[in-house]
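Shown next, in structure tokens, is the structure this report addresses.
All of the numbers you see were taken from the coordinates with simple rules; none came from a lab. Remember, predicted model here, so these are calculated numbers, not experimental data. Quick reminder, even Gly has a Cβ in these numbers, built from the backbone with ideal geometry, and neighbours come from all protein chains shown.
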Amino acid sequence: MKEYKMFIDGKWVAASNGSVFLVTNPATGEVLGSVPNGCNSDAKNSIEAADKAFKLWSKTTANVRSELLKKWFELIVSHKKEIAKIMTSEQGKPLQEAEAEVMYAASFVEWYAEEAKRVYGETIPAWKTDKRILVTKQPVGVVGAITPWNFPAAMITRKLAPALASGCTVVAKPAPQTPLTAIKLFELLEKAGFPNGVANLVTGNAEEIGAALMDDKRVRKITFTGSTDVGKKLMAQASNSVKRLSLELGGHAPFIVFDDADLDKAVEGALASKFRNCGQTCIASNRFYVHEKIFDTFIVKLKSMLTGLKVGNGTEEGIDLGPVIDKKSYEKISRHIEDAVARGGEVLLGGSGFHGSEVEDAGYFFYPTILSNLTEDMLIMNEETFGPIIPVIPFKTEEEVVKSANNTNYGLAAYVYTNSLSRGIKISEALEYGIVGLNDGAPSTAQTPFGGFKESGIGREGGHYGMEAFLEIKYVSIGL
Ligand code: ADP
């Protein structure tokens, strides 16, 4: 069995207490390797290394940081197939999707390599003739980056690239399900030639590593992508030392189709927004509101697209939907369907899955499913499903659909399909969401702000907004 190490202060090391945990393939249960079960003292060592490195790294020129990021970008691109294979084996998404994620992940590194050179300050006209006002930006300091399993590569680079570009140093903790992709990215980061301690990777005990990051005053910023529950915990812990926080949490995206929409485009968008990563994305559409006039036609078109989708092990050719991450996830999806059916919901397609492995916690697959006859009190209408289920609800008016769409504590992404420009703009403005896909089912790219309203998070990642998250503003008042 392959024994992996974590990366602290430029060295590949085991956990200080010697313990490990196993990483398995969610499609087959095959053990892929052992990874250090890092604890509090390993996190402390990483913080120490990052703090030491910050003193030099924060003083490097933007050009130096940019060049290193460019090298990392090129290495990621040239290892695309290898990283994708690792990702599919530990996460389950089909290979072609894993490759697309590697390129998406790389795009953040490229974009921030360029953006590193554009951290501009400002001069402000002074209120007295013998004063000058200067505003500059400085890296915030040591950053703790905690990432989830659904995008094992992109969530690492979306955080690390802007942090490193801005002159911060990082302690990253990947999700326990998918540390191997992170380890591969760090091998390439080492190859690119970043100085020791600038980027550290600690795998292992989430609560201990999280607490070590939170308790240490040298860590000035936490950037987290994951569940709203853990995000709330981190927010409470961050208050002790008033750490800067970026939180990218859960979602419950509405997908609204008006009767004047291009229905083929809407169905295509529905598939893109719902089935990427088997529905396990925080911007996955979770509630489909379809105008009553086109409701039946939309369902016919949707059904005909879904019946062609192939479910299976993501390493095999032609697979569209891989396994869900684990048994717990499968049970949640099943519970959402059972609850809907028990309250009068109707299964129009699919509605079930299968357990295709000898191993208890692996090999859980779900068929694309369409549900109708739904009511607002059902679980699926209120909780993030993280599975390939499309609940379709008819609506009559703009007011009614906006009210239903906003009736949630989440506010990450929403999708609207209409061919009316004025309706599209009005509805986009009325939706309480950080991201609106207007006739677009795939809005995520490196140059745009990604983040949510309400309990979907704080701050934005991506674009120049994502860089600002790692910069402090300093105002220097100069007396002449
Ligand atoms: P999910 O339910 O999708 O796995 P989580 O929010 O539990 O989402 O996990 C996202 C990331 O947060 C993972 O890297 C996980 O290990 C980490 N995590 C979980 N609990 C804590 C915690 N108490 N403190 C810090 N990190 C945590």
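Which percent, nearest 5, of DSSP beta bridges in the chain are antiparallel? List each step's numbers first, then the result.
Numbers: 30 of 70 bridges.
DSSP beta bridges in the chain are roughly 45 percent antiparallel.
Let me know the shape class of the range 152-251, please: from the alpha-carbon gyration tensor, a ≥ b ≥ c as square roots of the eigenvalues, rounded when a/c is under 1.5, otherwise prolate if a/b is greater than b/c, or oblate. Walk me through the numbers on the way to the answer.
Details: a/c = 1.75, a/b = 1.38, b/c = 1.27.
Prolate is the answer for the range 152-251, as a/c is 1.5 or above and a/b outweighs b/c.
Report the relative contact order of the chain, percent, no decimals, based on alpha-carbon pairs under 8 angstrom and at least 6 residues apart.
Working: 1147 pairs, mean separation 90.8, N = 480.
Worked out over the chain, it gives 19 percent.
For a quick check: with amide H placed at 1.01 Å from N, whose amide H comes under 5 Å from Ile390's, ignoring anything fewer than 5 positions away on the same chain?
Distant-sequence amide H within range of Ile390: Thr369, Ile370, Leu371.
Taking only C-alpha pairs under 8 Å that are 6+ residues apart, what is the relative contact order of the range 356-461 in percent?
Values: 129 pairs, mean separation 21.0, N = 106.
Answer for the range 356-461 is 20 percent.
Let's test the formula: R0 of 30 Å, r as the Cβ-Cβ distance of Lys454 and Glu3. What FRET efficiency results, to the nearest 0.05?
On the way: r = 43 Å, r/R0 = 1.44.
Given R0 = 30 Å and the Cβ-Cβ separation, E is 0.10.
Of His355, Val170, Ser89, which is farthest towards the positive pole of the chain's charge dipole, taken about the Cα centre with +1 and -1 on the beta-carbons of Lys, Arg and Asp, Glu respectively?
Towards the positive end, the residue furthest out is Val170.
For a protection proxy built on the mean count of beta-carbon atoms within 10 angstrom, sort 307-316, 364-373 highest first, please.
Ranking the peptides 307-316, 364-373 by packing returns 364-373, 307-316.
Using a/c under 1.5 as the rounded threshold, could you call the chain rounded, prolate or oblate? The axes a ≥ b ≥ c are square roots of the C-alpha gyration tensor eigenvalues, and prolate needs a/b larger than b/c, oblate otherwise.
On the way: a/c = 2.04, a/b = 1.33, b/c = 1.54.
Oblate, because a/c is 1.5 or more while a/b does not exceed b/c.
Give the dimensionless ratio obtained when the Cα radius of gyration of the range 330-477 is divided by 2.2 N^0.38 Å. Intermediate results must be reported in sequence, preceding the final value.
Working: Rg = 19.2 Å, N = 148, 2.2 N^0.38 = 14.7 Å.
Rg over 2.2 N^0.38 Å, computed on Cα atoms: 1.31.
Rounded, prolate or oblate: pick one for the range 15-133, where a ≥ b ≥ c are the square roots of the eigenvalues of its C-alpha gyration tensor, a/c under 1.5 means rounded, and failing that, prolate if a/b is larger than b/c, else oblate. Don't skip to the answer; put the middle values down first.
Details: a/c = 3.23, a/b = 1.73, b/c = 1.87.
It comes out oblate by the Cα gyration axes.
By how many degrees, between 0 and 90 and to the nearest 10, does the Cα long axis of helix 154-166 differ from the longest principal axis of the chain?
So the helix axis and the longest Cα principal axis differ by about 30 degrees.
About the Cα centre of the chain, how large is the charge dipole given +1 on each Lys and Arg Cβ and -1 on each Asp and Glu Cβ? Please answer in debye to the nearest 20.
Details: 53 positive and 58 negative charges, 414 e Å.
Dipole magnitude for the chain comes out near 1980 debye.
Assuming a viscosity of 1.567 mPa s and a temperature of 4 °C, what translational diffusion coefficient in µm² per second does Stokes-Einstein assign to the range 380-455, Rh being the Kirkwood radius over Cα pairs?
Values: Rh = 13.5 Å.
Stokes-Einstein gives a translational diffusion coefficient of 96 µm²/s.
Once Lys and Arg get +1 and Asp and Glu get -1 on their Cβ, which of Gly38, Phe73, Met6 lies farthest toward the positive end of the dipole of the range 1-81?
Phe73
Set Lys and Arg Cβ to +1 and Asp and Glu Cβ to -1, take the dipole of the chain about its Cα centre, and tell me which of Tyr120, Tyr330, Gly345 lies farthest positive.
Farthest along the dipole direction, towards plus: Tyr120.
Could you give the C-alpha radius of gyration of the range 185-329 expressed as a fraction of 2.2 N^0.38 Å, taking N as the number of residues it contains?
On the way: Rg = 21.2 Å, N = 145, 2.2 N^0.38 = 14.6 Å.
Against the empirical 2.2 N^0.38 Å value, I get 1.46 for the range 185-329.
Expressed as an acute angle from 0 to 90° and rounded to the nearest 10, what is the orientation of the C-alpha long axis of helix 40-57 relative to the principal long axis of the chain?
60
In degrees from 0 to 90, rounded to the nearest 10, what is the angle of the helix 179-192 Cα long axis to the longest principal axis of the chain?
Result, in degrees: 40.
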